[in-house]
Each structure stands twice: as structure tokens, then as C-alpha cells.
Amino acid sequence: MRACCSLAVTLPLFLVQGAAAETAESAQPAEARVVFVRDGVFVSPVDDAWSEIPETTYTLMPQMITPPNGGGSVSKVAVRATHDGEEVAIRLQWSDPSADRGVGVDTFRDAAAIGFPVGKPKVVPSPFMGDPEHPVVIWQWAADFDANAEGRSRFGERYPHSEGVWIFPQDLSVRRQVRAWRGAEPVIEYIAKGFGTLTPRMGGTVEGISDYKRGQWAVVLRRELTTSDDEDAAFAPGETTQMIIAIWNGDKKEVNGRKSVTYAWIPARFDGIASTTAKADLGASRANK
């Protein structure tokens with residue numbers, strides 16, 4: 001009887017993992033267009049000009065490939081993107097009833113991440129953290145980093161009896177050390193060569209800005225098209241790269257592997273620089289509607 005119960009418990013997990021792997025291999029997500037704009041990428045997530053950029057919505061699923069499994073509370077993410085020949089800005093938007101910016105005991109933050117192949121590989125890496133021969137680079141924005149950068153960490157609200165507590169010099173030293181490798185930006189860059197190999201990249205250059213209103217997160221991640229690091233994502237006008245997306249809902253205790261993910265690479269096609277779209281043109285277009 002015990003063996004029977006064990007089979008009944010484990011079989012659905014294998015079925016879910018198999019279905020997830022099959023989804024990743026067979027489903028081809030819609031292409032995301034990275035629109036060329038002449039006068040600079042859109043930095044703010046609330047810039048009205050984003051409304052004129054084509055939006056593509058992707059379905060997210062619970063991460064069920066490797067422990068810790070789970071997530072799935074965020075079902076969809078909307079993507080818009082621009083580049084100006086020098087920088088790229090990618091905007092993610094998703095629904096979340098609460099903005100979770102704190103981290104503590106049994107308290108988790110909201111977060112989002114985009115992954116790309118390193119360089120321009122001839123073989124597309126596994127969407128599940130890559131492999132030793134085909135690594136991936138990951139940009140992760142986190143709401144608590146964002147809050148700290150803007151002085152909105154709400155530490156006093158979560159720990160009301162901390163008012164007036166002395167901050168030791170050692171604490172400030174640790175903070176400086178963290179900022180030395182992470183920077184003040186609310187984004188951490190990682191490189192991965194398979195499950196369990198996630199490693200922070202030193203000297204990251206990705207910048208992030210977020211906005212939360214009426215149950216919606218909007219996050220913009222921005223970086224130069226090319227960097228001097230050989231182990232970094234490489235973008236170019238007129239070319240297509242691949243990206244994968246993950247979202248964490250802190251209120252649902254989603255952390256680490258418990259997240260909502262796209263199981264297949266999303267083609268991201270960069271407009272050529274011969275395009276004529278400009279932010280001023282978009283403003284004129286809205287005025288004429």
C-alpha cells in the first residue's frame with residue numbers, strides 16, 4: 001500500500017516536469033520587436049511614449065523543472081522594448097495585488113528577471129539556466145533593492161521598535177561592500193552555466209527603474225547594446241537574440257526556484273537603424289488621434 005501511495009505522489013510530478021520540458025521544446029513564443037527610436041530609449045516605465053510601442057504578452061507557468069518547485073501566481077507578462085543604436089530598454093508589466101518591497105523572516109520581495117544567451121552563440125543554450133558550453137546572462141530587478149536605492153525600504157514600518165537604534169560602523173562597511181559589487185542600481189547581473197551555477201557578475205552595467213500603481217508593476221531594464229565583457233549578452237541593430245523571463249510574487253512566498261517563467265526562448269528582433277521612429281513622432285501621433 002505504501003509503494004502504491006508513493007507512485008501516486010511521484011507520478012504527477014514526473015508528468016508535470018515532462019510536460020514543462022515538452023512545452024519548452026515545442027512551443028514557439030511570439031516574436032518581441034525591439035523598436036528603433038532616434039532620440040533615445042524610453043527610460044521611465046511611465047513614459048507615455050511606451051503606449052505607441054508594440055506590446056507582446058507572454059504566458060507564464062510555475063517552475064517545475066528543478067527544486068524548489070512552485071510559483072505560478074503571475075500568469076502573464078507584457079513586454080515592450082526600444083533601442084536607439086546605442087542602448088536597449090526593455091519594459092515588463094504584470095499584475096500583482098501588492099507591492100512587496102521588504103525582506104525578512106517569512107517575508108519575500110517582488111522581483112523580475114530577463115535572461116539572454118552569452119554572446120552570439122551558434123547553438124541556442126538551454127532555457128533552463130544554460131549549460132557549461134552555452135552560458136546565459138541574467139538581469140534581475142528586485143523590489144527591495146529598488147526601495148533601498150530610493151530610500152523607501154520601509155524598515156521602520158516592518159520593525160517599529162527599531163526607531164532610534166544605533167547603526168554600527170560595521171553595518172555601513174557591509175553596505176559599502178555590497179554596493180561595490182552590486183552598485184546602487186536595483187539590478188543584479190548573473191551568469192549561469194546550468195542549474196545550481198548562478199553567479200553574480202562583477203561590474204554590471206544594467207540600470208533599472210520601476211513603478212507600481214493600481215495593482216500593476218512596470219519595470220524598465222536598460223543597458224548599452226554592447227559591452228567589453230566577453231561573457232555578456234550582445235545585441236545589434238537588425239539582428240535577433242533570444243530572451244527568457246521570470247517573475248516572483250513575494251506575497252505568495254515565491255523566492256529562488258519558486259517563480260513564474262516562460263519555458264521557451266522568446267525571439268527578440270532589433271529594428272535596423274534605417275527605421276524612422278522617434279519619440280517626437282510618437283507624441284505627434286497621439287496628438288492627432
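The values are calculated or read from the model by the stated rules, or taken from the named source; none is laboratory data. Nothing here was measured: the structure is a model prediction, and the numbers come from that model. Note that each Cβ is placed from the backbone with ideal geometry, even for glycine, and that neighbours are counted across all protein chains shown.
Among the candidates Phe128, Phe42, Phe116, single out the residue that is under 20 Å from the mean Cα position of the chain (by Cα) and closer than 21 Å to Tyr212 by Cα.
Phe42
May I ask you to list the residues in the range 67-99 that are outside any loop (DSSP other than H, G, I, E, B) and at pLDDT below 95?
Gly70
Please find, among Gly102, Gly18, the residue that is more than 30 Å from Asp229 (Cα to Cα), part of a loop (DSSP other than H, G, I, E, B) and at pLDDT below 80.
Among Gly102, Gly18, only Gly102 is more than 30 Å from Asp229 (Cα to Cα), part of a loop (DSSP other than H, G, I, E, B) and at pLDDT below 80.
Could you list, in sequence order, the residues of the range 30-66 that are touching a strand residue (DSSP E or B) at 6+ places or on another chain (Cβ under 6 Å), in a loop (DSSP other than H, G, I, E, B) and of a type in the set (D, E, K, R)?
Glu31, Glu55, listed by residue number.
Of everything in the range 59-92 that's surrounded by fewer than 20 Cβ atoms within 10 Å (Cβ to Cβ) and under 14 Å from the mean Cα position of the chain (by Cα), which residue is nearest to Lys253 (Cα to Cα)?
The extreme case among them is Lys76.
Would you pick out the residues in the range 189-219 that are small (Gly, Ala, Ser), out of contact with any Lys or Arg (no Cβ under 9 Å at 6 or more places or on another chain) and part of a loop (DSSP other than H, G, I, E, B)?
Gly194, Gly196, Gly203, Gly215
When you scan the range 198-257, how many residues do you find that are surrounded by fewer than 18 Cβ atoms within 10 Å (Cβ to Cβ), touching a Ser or Thr at 6+ places or on another chain (Cβ under 7 Å) and of a type in the set (S, T, N, Q)?
Number of matching residues: 3.
Take Ala24 and decide whether it is modelled with pLDDT under 95, in a helix (DSSP H, G or I), surrounded by 18 or more Cβ atoms within 10 Å (Cβ to Cβ) and not acidic (Asp, Glu).
yes
Looking at Thr241, Thr226 in this structure, which one is under 22 Å from Ile266 (Cα atoms) and out of contact with any strand residue (DSSP E or B) (no Cβ under 7 Å at 6 or more places or on another chain)?
Thr226
I'd like to know if the range 107-116 contains one or more residues that are touching a Ser or Thr at 6+ places or on another chain (Cβ under 9 Å) and of a type in the set (Ser, Thr, Tyr).
No, the conditions are met nowhere in the range 107-116.
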